[in-house]
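> Got a structure for you, written out below as structure tokens; questions coming shortly.
The values are calculated or read from the model by the stated rules, or taken from the named source; none is laboratory data. Nothing here was measured: the structure is a model prediction, and the numbers come from that model. Note: ideal-geometry Cβ built from the backbone for every residue, glycine included; neighbour counts use all protein chains shown. Surface accessibility is based on the protein's heavy atoms, side chains included, excluding ligands, DNA and RNA. Shrake-Rupley method; radii C 1.70, N 1.55, O 1.52, S 1.80 Å.
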Amino acid sequence: MSIGKVVWLCFLFLLKLATAGPSYNVLEYQAVGDGITDDTAALLKAWNSACADKRMATLLIPSGKNFLISRATSFNGPCKSAISVQIDGNIMAPNKIWTKKAVNFISFNNINNLFVHGQGIIDGQGAIWWNCFRKYISIHFSYVHSCQLLNFENCNNLDVRYIKLRNGPRRHLAFHSCTNITVDQITVTAPGNSPNTDGINISDSQHIEITGSTFATGDDCIAISSGTSDVNITKITCGPGHGISIGSLGKGGVAAAVEKVHVFDCNIFNTMTGVRIKTWQGGSGFVRDVTFERINVTQVGAPIDINQFYTDAPQGHAVAISNVKFIGIHGISAKKTAIKIDCSGTVPCTGLFFDDINLARFGGNRTVLASTKNAHGTTKGKIIPPIKLLGNYEGQ
Ligand SMILES: *[C@@H]1O[C@H](CO)[C@@H](O)[C@H](O)[C@H]1NC(C)=O
Ligand SMILES: *[C@@H]1O[C@H](CO)[C@@H](O)[C@H](O)[C@H]1NC(C)=O
Ligand SMILES: *[C@@H]1O[C@H](CO)[C@@H](O)[C@H](O)[C@H]1NC(C)=O
Ligand SMILES: *[C@@H]1O[C@H](CO)[C@@H](O)[C@H](O)[C@H]1NC(C)=O
Ligand SMILES: *[C@@H]1O[C@H](CO)[C@@H](O)[C@H](O)[C@H]1NC(C)=O
């Protein structure tokens, strides 16, 4: 833990003590909380008062009630002081297709020193969206592919704790252009077959710690997208879903940049892949300095997966992948090929490092395989299954 983080946690502690002071209860702003009445306007009014208070206010969403928000709702800053949002009651989306645009159900924008916590559930009532998506995917892709549950944009010094996100129409939690984020002990759940319901997506953000949280969704538990650096992910339970992913990056020929990602002490089960990096051909930029360490997998399709061919149209350049370490990856693969490292011929993967890998299949012939292509790097210690690497790349 960095000194900055310690200072920040002390600050939060003081903030919590201070928040015994001004509290803006949404019920005092005519919110009803019966799950039927539209409480959008009341929540916004209470927010505006809290945000305008110079004394570190708390927006209180009290327990034992269901607050219906009927439309895309933004809680905007900047605020006059640090601000706390205590979600103890539940917040619900309408049980219908309520937008045809790409929007966020709830978004916090342009806020410094924001603390979002509480025992409440934010429920996206996603089933109707997933059914619509399944039915219309071929003709109306963008029509249904459209709503993120909880979004943070341009927020610095942000702490998200304890809350539960459920059944999002699409991604559950997104951070975009944020700095200094702590996510601790949150729970995200949606059925394993719900489309595009990623747990967290992080983009253009720095200094992020995600810890002690549980993700069970239909897509990536955590997706790290371009512009992101210094991410520590630890003590995560992931599954079902698609695992913990960096990417996809470089789609449409764009430049990507992801660095300093450390994923450690995590459990992954019943997922399509375990830890993976996926990039599109034709992109540029880099993914570098990534470590996946002490990861237990159970019935995971491909526990280790690097794919630089996230399209079948072959093109010259690619997002460069370098200095990626896999240390202490243990458990059960659901497929025979447990390790897939598929790198580009023109921009091969370099500086890969494997140490203490032990993967097998369940029952019968337990032997699994590793397949590698254009993969440069080294191994140390016991590696099961054996991995063929090309040695260090010239010029490294
Ligand atoms: C992030 O935290 C560090 C350390 O506490 C602090 O120095 C820095 O100003 C913060 N960044 C922003 C954008 O608030
Ligand atoms: C994450 O969000 C960014 C910014 O909105 C987007 O470009 C990217 O495609 C998203 N990634 C995933 C995996 O959803
Ligand atoms: C992530 O861990 C590294 C190494 O322990 C540390 O230097 C860095 O400050 C941590 N970053 C965050 C955001 O917690
Ligand atoms: C992974 O499994 C080992 C052996 O059972 C155990 O000691 C370790 O605590 C597990 N790691 C996590 C993150 O649960
Ligand atoms: C188990 O599977 C491996 C990999 O396909 C194969 O090489 C080996 O011969 C199999 N062993 C037995 C006993 O069938």
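> Give the range 168-185 a look and list any residue that's crowded, with 24+ Cβ neighbours inside 10 Å and assigned to a loop (DSSP other than H, G, I, E, B), or say none.
Gly168, Pro169, Arg170, Arg171, His172, Cys178, listed by residue number.
> Out of (1) more than 30 Å from Val231 (Cβ to Cβ); (2) open to solvent by less than 40 Å² (accessible area, probe 1.4 Å); (3) modelled with pLDDT under 95, what's the single condition that is false for Thr19?
Only one criterion in (1) more than 30 Å from Val231 (Cβ to Cβ); (2) open to solvent by less than 40 Å² (accessible area, probe 1.4 Å); (3) modelled with pLDDT under 95 is unmet by Thr19, namely (1).
> Now, a different point. Sort out for me the strands (runs of 3 or more DSSP E) sitting completely within the range 288-352 that have 1 or more residues that are more than 19 Å from Lys388 (Cα to Cα) and away from ligand 5 (no atom under 16 Å from the Cβ). Spell out how you get there, then give the answer.
On the way: elements: 302-307, 320-333, 337-342.
Correct list: 320-333.
> Can you spot a residue in the range 223-234 that is within 12 Å of ligand 2 (Cβ to nearest atom), hydrophobic (A, V, I, L, M, F, W, C), over 12 Å from the mean Cα position of the chain (by Cα) and buried (at least 24 other Cβ atoms within 10 Å of the Cβ)? Walk me through how you get there before you give the answer.
Restricting attention to the range 223-234, the residues satisfying the condition of being within 12 Å of ligand 2 (Cβ to nearest atom) are 223-228.
Checking the rest, the ones that are also hydrophobic (A, V, I, L, M, F, W, C) come to 223-224.
After this cut, where a residue has to be over 12 Å from the mean Cα position of the chain (by Cα) as well, the list is none.
Scanning the range 223-234, I find no residue that is within 12 Å of ligand 2 (Cβ to nearest atom), hydrophobic (A, V, I, L, M, F, W, C), over 12 Å from the mean Cα position of the chain (by Cα) and buried (at least 24 other Cβ atoms within 10 Å of the Cβ), so the answer is no.
Yes or no, residue by residue, for (1) within 23 Å of the chain's Cα centre (by Cα); (2) within 16 Å of ligand 4 (Cβ to nearest atom):
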site: Leu249; (1), (2): yes, no
site: Met272; (1), (2): yes, no
site: Lys278; (1), (2): yes, no
site: Gly282; (1), (2): no, no
site: Gly285; (1), (2): yes, no
site: Thr291; (1), (2): yes, yes
site: Phe309; (1), (2): yes, no
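> Can you report the number of residues in the range 352-396 which are over 25 Å from Asn270 (Cβ atoms) and either free of Cβ contacts under 8 Å to residues at least 60 places away in the same chain or polar (S, T, N, Q) (or both)? Before the answer, list the steps.
Residues of the range 352-396 that are over 25 Å from Asn270 (Cβ atoms), as a first pass: 352-353, 355, 372-382, 386, 388-396.
Among the residues that remain, those that are also either free of Cβ contacts under 8 Å to residues at least 60 places away in the same chain or polar (S, T, N, Q) (or both) are: 352-353, 355, 372-374, 376-382, 386, 388-396.
Here the count works out to 23.
> Next question, about the same structure. Residues being open to solvent by less than 10 Å² (accessible area, probe 1.4 Å), β-branched (Val, Ile, Thr) and within 29 Å of Lys135 (Cβ to Cβ): count how many of those fall in the range 186-222.
Adding up the residues that qualify gives 5.
> Tally the residues that are small (Gly, Ala, Ser) and open to solvent by 40 Å² or more (accessible area, probe 1.4 Å), restricting the search to the range 86-115. Write out each step before concluding.
Within the range 86-115, the first condition is being small (Gly, Ala, Ser), and the residues that meet it are 89, 93, 102, 107.
Next, only the ones that are open to solvent by 40 Å² or more (accessible area, probe 1.4 Å) stay: 102.
Total satisfying the criteria: 1.
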